[in-house]
1. Here are some conditions: (1) touching a strand residue (DSSP E or B) at 6+ places or on another chain (Cβ under 8 Å); (2) outside any helix (DSSP H, G or I). Ala95 meets all but one. Which one does it not meet?
2. From the residues in region 145-178 that are touching a residue at least 40 places away in the same chain (Cβ under 8 Å) and hydroxyl-bearing (Ser, Thr, Tyr), which one is farthest from His189 (Cα to Cα)?
3. Any residue at all in region 172-186 that's farther than 25 Å from His52 by Cα and either of a type in the set (Phe, Trp, Tyr) or at pLDDT below 90 (or both)?
4. Against the definition (within 19 Å of the chain's Cα centre (by Cα) and buried (at least 19 other Cβ atoms within 10 Å of the Cβ)), how does Pro73 come out, yes or no?
5. How many of the residues in region 65-86 are closer than 17 Å to Ala41 by Cβ and of a type in the set (Gly, Ala, Ser)?
6. Report, ordered by the first and then the second residue, all pairs with beta carbons closer than 9 Å, sequence separation of six or more or different chains, a first member in region 30-43 that is surrounded by 11 or more Cβ atoms within 10 Å (Cβ to Cβ) and assigned to a loop (DSSP other than H, G, I, E, B), and a second member that is among the charged types (D, E, K, R) and at pLDDT 85 or above.
7. Quick check: anything in region 198-211 buried (at least 21 other Cβ atoms within 10 Å of the Cβ) and either outside any helix (DSSP H, G or I) or of a type in the set (D, E, K, R) (or both)?
8. Let me confirm something: among Val107, Val86, which residue is of a type in the set (Val, Ile, Thr) and under 30 Å from Arg182 (Cα atoms)?
Amino acid sequence: MSDARARGLGRGLSALLGDVPAVDAPAPAANDRVREIDVAAIRPNPKQPRRHFAEDAIRELADSIAQRGVLQPILVRDTGQGYEIVAGERRWRAAQQARLHKIPAIVRDFDEAATAEIALIENIQREDLNALEEAEGYRALIGTFGHSQDAVAKLVHKSRSHVANLLRLLDLPATVREALVRGELSMGHARAIASAADPVALAQQVISQGLSVRQTEQLARQAKPAPGPEGGRSTTRRDAGEGNADILALERQLGDLLGLKVKVAHSGGHGTVTLHFSSLDQLDLICQRLSGEPI
């Protein structure tokens, strides 16, 4: 593979094809210099999309850092009054717990828009965000920095429908959003509940009865008028039989998980799963997950 092609593909795809060895972290750029910066001189990004940090995971990382140090530098920007984290807040928090006085960091010149983009991308790639945190990150890029939904989708290598579906979750009542954050509801549940006439009541029913996403979708549709003959492709497939409705639900759940369009074809006990990607970056993300390479 030529150097040009290798640069066009990410580490995951290249590793899957066997062209380059997998590494634990991307190497710094040629003009980067790792500095040892006082932990006290660094502050978190106030617009960090991740709001919930698992304390157990932070303690485990702090124990590792106490024994081996910080293996991967964090990324910061110089604000003129100290340094602001662009990527790596979890390592910074763990370093504090490990009582380190300095932490390795790479300093780059980012504006607020670039900082928000990189922070969101890093968290999404590492699957560190819950659905609402991810949605809030998208809304910030759209509302604060003027990105379109299409631009955001390309930026994070997700489908536009994935971005749109997540943004709809922000319109849910507070009690339903809180249940989603606590893990009592999945994104699939929340997306179905968002279309219900009474989201709060349906959410309570889903939690109390332990309903599946498929059951939740059925209950959400019951309060709506049946679609007419012009209902579109999805209605036609649903009318073709119960099995197709289950396949549609599975496609939506896989799409929610991957952030990509998913098509499942099933017949006679066998079938295919097709993942649709619109860029090499999306293909690379798929390959990273299939190969088990760290993202």
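The values are calculated or read from the model by the stated rules, or taken from the named source; none is laboratory data. None of the values given here were measured: they were computed from a predicted structure. Every residue, glycine as well, gets a Cβ built from its backbone with ideal geometry; the counts of neighbours run over all protein chains shown.
1. (2)
2. Once the filter is applied, the top-ranked residue is Ser159.
3. So far as region 172-186 goes, no, none of its residues is farther than 25 Å from His52 by Cα and either of a type in the set (Phe, Trp, Tyr) or at pLDDT below 90 (or both).
4. no
5. Of the residues in region 65-86, 2 are closer than 17 Å to Ala41 by Cβ and of a type in the set (Gly, Ala, Ser).
6. Between residues of region 30-43 that are surrounded by 11 or more Cβ atoms within 10 Å (Cβ to Cβ) and assigned to a loop (DSSP other than H, G, I, E, B) and residues that are among the charged types (D, E, K, R) and at pLDDT 85 or above, the close pairs are Asp32/Arg108.
7. Checking region 198-211: not a single residue is buried (at least 21 other Cβ atoms within 10 Å of the Cβ) and either outside any helix (DSSP H, G or I) or of a type in the set (D, E, K, R) (or both).
8. Being of a type in the set (Val, Ile, Thr) and under 30 Å from Arg182 (Cα atoms) holds for just one of Val107, Val86, which is Val86.
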